[in-house]
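Each value in this text was obtained by applying a stated rule to the coordinates, not by laboratory testing. Everything quoted here is computed from the prediction, not taken from an experiment. Note: ideal-geometry Cβ built from the backbone for every residue, glycine included; neighbour counts use all protein chains shown.
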Amino acid sequence: MSIFINNDTKLVVQGITGRDGSFHTKQMIAYGTKVVAGVTPGKGGQKFENTVPIFNTMAEAVAATGANTSVIYVPARFAVDAVFEAADAGVKLVVCISEGVPVLDMTRVMPFLKEKGVRLIGPNCPGLISPGQAKVGIIPGQICIPGPVGLVSRSGTLTYEVVYQLTRAKIGQTTCVGIGGDPIIGTNFIDCLQAFQDDPATKAIVMMGEIGGTDEQNAAAFVKAKVKKPVVGFIAGQTAPPGRRMGHAGAIISGSSGTAAEKIAAFEAAGIAVMKRPMDVVELVKARL
Amino acid sequence: MNLHEYQARELLRRAGIPVPPGEVATTPAEAKAAAERIGTGKVVVKAQVHAGGRGKAGGVKLADTPEQAADVASKILALTIKGLRVEKVLIAPAAQIVSEAYIGVIVDRASQSPVMMVSPAGGIDIEEVAAKTPEKIFRMRVDARYGLLSHQAMELAFHLYTDVALVRQAADILQKLYRAFVDAGASLAEINPLVVTPKNEVVALDAKIVVDDNELERKPAIEALRDVSSENPSEVKARDANLTYIKLDGNVGCIVNGAGLAMATMDLVKYYGGEPANFLDIGGSSNPDKVVAALQIVTADPNVKAILFNIFGGITRCDDVANGIVAATKQFTVKVPIVIRLTGTNEQEAVRILEGVGMKAMTDMDLAVQKAVEVAKKGGAAA
């Protein structure tokens, strides 16, 4: 089992002929993901790598292939238009990899997605992978193996680091989700915690947070109230100065709010085992499986 | 990106909000001439720096005559406020004030929408009002698809004033502020104080706008307002090379791919008793040139006693990073030891490239951080 994506995922790639889109489409296909279509306006009728049909619009792609998921690799200034188009075309899950999406664009698209009942993951995220079944996005497949741990993270390479530690210790994963480093994102920690709680194959959850905002604090309260499975957590940014954007648009301490200390305290109060170093994930998860 | 007060005032004026006249001066003589042109007698001289608490730092002063304006300006232009040199002052008429209010709009993470805020307790730091008297702040969520509607603006304005003539003026300003916020691609726009004059006019005295960096590509007119002189030169150089760099005070220079991993690396340096010298994210598809630029920036910091590379190859190829390190050491001498950790995509190739020039690479993040801390403690003497 897994969350959000599995063997039934039928994926359409928005921006399939772009530099990033084409590179990662090959990787996703090699991993075994069912990539059923691509969209690039003006290239409808062509085929990607002689196999995947390309359409001019999402509406055509979904009508012709029955795709249920889309992934977006278009430049940031077009990304929200692509999200609107995907949701309008009827896919139920949209994964937006693009980094640098203006936050006001996100405030326009979020109410639309809620009305349509569409889940967005990202933007500015590495996507997700259900090892052995499917990957949507850019997480390297070779560092993951199937197993009992569900992982959710606001970061990219830090996620890889922790997954790699788990895999080296032969602890596999149900699904690893990178929810993205922006201030407004489609899927938050709580959405993923709920899904992992409901997934019978997931036996333990790893949650990788960072400075900025209150998502981790809200997630900690949710863990305390609703999550019956063991949770291990990490917060990046203990040495970050206030008022500075630490790479991710959302990783900023505003005034005295959103600090690592405040988030770690919230985790501890909720009974979440807190890693002091990324490598601690192995011992903490092992002890709870 | 932060705008200066004079830039924010100009954007609000163009949006139709009543803003008193004002001029920017960079010398005492210019300040005197500006005060003469304003011609209202008393003027206020305000430091234009990206730092809060200007008033407390002596950066805001009144002047009765143009000569006094020149004198005051010369003092303010000699100031350094929170590490930032004052290069410009704003000269504006000293307003007569009946009452002061606060109005602002932010992008709110929790509700995922713009939120308007108003408070009759204006003129002071709004975070302080929020902490001490939260009942004096009124908030309203705005549906970004429709903008701030008339009745919503009126409802907010009635929290500020009882006289309907003032309420109507404030409601109009609120709607114009919201539009200016969207047009600038801002994440924050505020007027503090919004004042009532003895003639019963509602006027914006001070303005603050913070622009979302992700908007700048499609808003060249806003990007053109960037004041490079008010930023750290290393951070400007990093931005030009498409890197994110933030200088700190420690001695372990960090070069990492990915923001989360970069923060975790700095934290681990601290965990092992060291102090990180910087945050530096070389980003995703790193070409060797970016690595050269990163090394130039980090080695320019005289506090740095050791440099730590922490690369987890995904999209980033380890061999690109290795080639960048080799290219950099050929272009200039790196005087401090470099500790390299890399793993993932093309790791073997990278190890060979580095060994070819007598450098070693580690694969374990934890061990590499410990080593870099240890080397820095020895003053970077021996690797």
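At a glance:
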item	result
Set A:LYS34/A:LYS135; B:LYS237/B:LYS330; B:LYS132/B:LYS208; B:LYS75/B:LYS247; B:LYS335/B:LYS360; B:LYS290/B:LYS330 screened for pairs whose C-alpha atoms are more than 19 Å apart	B:LYS237/B:LYS330; B:LYS132/B:LYS208; B:LYS75/B:LYS247
Positive-end extreme of charge dipole, chain A - chosen from A:ALA169, A:ALA87, A:VAL39 (charges on Cβ)	A:ALA169
Summed residue charge, Cβ within 11 Å of A:ILE145's Cβ, Lys/Arg positive, Asp/Glu negative	+2
Computed label-point distance, nm, for sites B:ASP125 and A:LYS114 using a 7 Å Cα→Cβ extension	3.3 nm
Highest average packing first - B:319-325, A:254-260, Cβ atoms within 10 Å	B:319-325, A:254-260
Equivalent ellipsoid dimensions for segment B:21-93 as semi-axes, Å, which come from the Cα gyration tensor, largest first	20, 11, 10
Chain B: DSSP helices with Cα axial extent of at least 27 Å and average Kyte-Doolittle hydropathy no lower than -1.0	B:164-184
In segment B:191-246, trypsin sites (Lys or Arg not before Pro) in a DSSP loop with at most 15 other beta-carbon atoms within 10 Å	B:LYS199
Per residue Cα convex hull volume in Å³ - calculated over segment A:245-287	90 Å³
Shielding of B:366-373 by partner chains, average beta-carbon count, 10 Å	1
Peptide-level mean, for B:212-220, of C-beta atoms on other protein chains within 10 Å	5
Cα principal axis extents for chain B, largest first, Å	78, 49, 38
Segment A:51-115: GluC sites (Glu not before Pro) in DSSP coil with no more than 10 other Cβ atoms inside 10 Å	none
Net charge contributed by nearby residues that have their C-beta within less than 13 Å of A:PHE23 (K/R +1, D/E -1)	+1
Dipole magnitude of segment B:99-223 about its Cα centre (Cβ charges: Lys, Arg +1; Asp, Glu -1), debye to nearest 20	320 debye
Assigned charges on the beta-carbon of Lys, Arg, Asp, Glu; segment B:232-377 dipole about Cα centre (debye)	300 debye
For chain A, calculated [θ]222 nm from helices alone, where every DSSP H run of n ≥ 4 adds -39500 (n - 2.57)	-10500 deg cm²/dmol
Volume per residue of the C-alpha convex hull in segment B:232-377, rounded to whole Å³	89 Å³
Exposure proxy ranking, count of Cβ atoms within 10 Å, fewest first, for B:SER234, A:SER70	B:SER234, A:SER70
Simple label model, 7 Å out from Cα along Cβ direction - B:LEU188 to A:LYS228, nm	4.4 nm
For the protein assembly as shown, alpha-carbon Rg and Dmax in angstrom	26.7, 80
Relative contact order for chain A, counting Cα pairs under 8 Å that sit 6 or more residues apart, in percent	14 percent
Fewest-first ranking of B:THR329, B:THR316, using other Cβ atoms within 10 Å as the exposure measure	B:THR329, B:THR316
Cα→Cβ-extended label distance, 7 Å offset, between B:ARG141 and B:ARG85, nm	4.8 nm
Farthest positive-ward along segment B:21-93 dipole, Cα basis, beta-carbon charges - from B:ALA25, B:GLY83, B:VAL72	B:GLY83
Distance-filtered residues of segment A:1-44 - backbone nitrogen under 17 Å, label point 7 angstrom along B:ASN287 Cα→Cβ	A:19-20
Loop-located trypsin sites (Lys or Arg not before Pro) in segment A:213-289 whose Cβ has at most 14 other Cβ within 10 Å (DSSP)	A:LYS228, A:LYS276
Helical mean residue ellipticity (222 nm; -39500 (n - 2.57) per DSSP H run of 4+; nearest 500) of chain B	-11000 deg cm²/dmol
HN-Hα J in Hz across segment A:195-202 - Karplus 6.51, -1.76, 1.60, θ = phi - 60°, x for Gly and Pro	5, 5, 4, 7, 8, x, 6, 7
Residues with amide H under 5 Å from that of A:THR239, placed H, sequence gap 5 or more	B:ASP267
Total charge dipole magnitude, the protein assembly as shown, about the Cα centre, Cβ charges on Lys, Arg, Asp, Glu only, Debye to nearest 20	920 debye
Segment B:99-223 shape via C-alpha gyration tensor axes, a/c threshold 1.5	prolate
Dipole of segment B:232-377 [Lys/Arg +1, Asp/Glu -1 at C-beta], most positive-end residue of B:VAL357, B:ALA368, B:ASN278	B:VAL357
Formal net charge of residues neighbouring B:VAL43 (Cβ-Cβ distance under 14 Å; K, R +1; D, E -1)	-1
Order of B:SER229, B:SER113 - criterion: other Cβ atoms within 10 Å of each residue's Cβ, fewest first	B:SER229, B:SER113
